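Down below is the structure, laid out as structure tokens.
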Amino acid sequence: MTVARITTLNFKAKEGADQIEETYKTNAPTEFTEAEQLLEVRVDETTLMFVSLYADNDAMERASAARTKRMDLNKDLIDSMDGKTGKVILNHSK
């Protein structure tokens, strides 16, 4: 069963969001190797949303160490974080 982790980060400043946008785009595919799909969405100047799809909960949990490391490295840039996980019901693409 495919599962998703959705993380929304609100940054203290646009510059912090810009920095994370670039580093995630560059590094996430090698940091989260078990992710079947990675999405990064710029919601507004200071908000980014990240969606990661994993084959199952075990794969998602194995990625938690990389997620924690990334969050810890950037904690001074982040104003708030909201995280959710759940079962993927539909994953359609053309």
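The values are calculated or read from the model by the stated rules, or taken from the named source; none is laboratory data. Everything numeric in this text was worked out from a predicted model, so none of it was measured. Neighbour counts are summed over all protein chains in view; Cβ atoms, including those assigned to glycine, are modelled from backbone coordinates with ideal geometry.
Some points to look at:
- Complete set of residues in segment 28-42 that are without any contact (Cβ under 8 Å) to a residue 12 or more places away in the chain and either within 12 Å of the chain's Cα centre (by Cα) or buried (at least 18 other Cβ atoms within 10 Å of the Cβ) (or both): 29, 41
- Selection of segment 43-52 for residues being over 14 Å from residue 83 (Cα atoms) and surrounded by 12 or more Cβ atoms within 10 Å (Cβ to Cβ) yields 43, 46.
- Within segment 73-88, tally of residues that are more than 18 Å from residue 35 (Cβ to Cβ) and at pLDDT 90 or above: 9
- Complete set of residues in segment 35-59 that are assigned to a helix (DSSP H, G or I) and either touching a helix residue (DSSP H, G or I) at 6+ places or on another chain (Cβ under 9 Å) or within 26 Å of residue 14 (Cα to Cα) (or both): none
- Residue pairs meeting the criteria (Cβ under 6 Å; at least 6 apart or on separate chains; first over 12 Å from residue 2 (Cβ atoms), in segment 80-94; second surrounded by 10 or more Cβ atoms within 10 Å (Cβ to Cβ)): 80/10; 81/9; 82/8; 83/7; 84/6
- Some residue of segment 3-10 being free of Cβ contacts under 8 Å to residues at least 60 places away in the same chain and either farther than 19 Å from residue 88 by Cβ or touching a strand residue (DSSP E or B) at 6+ places or on another chain (Cβ under 9 Å) (or both): no
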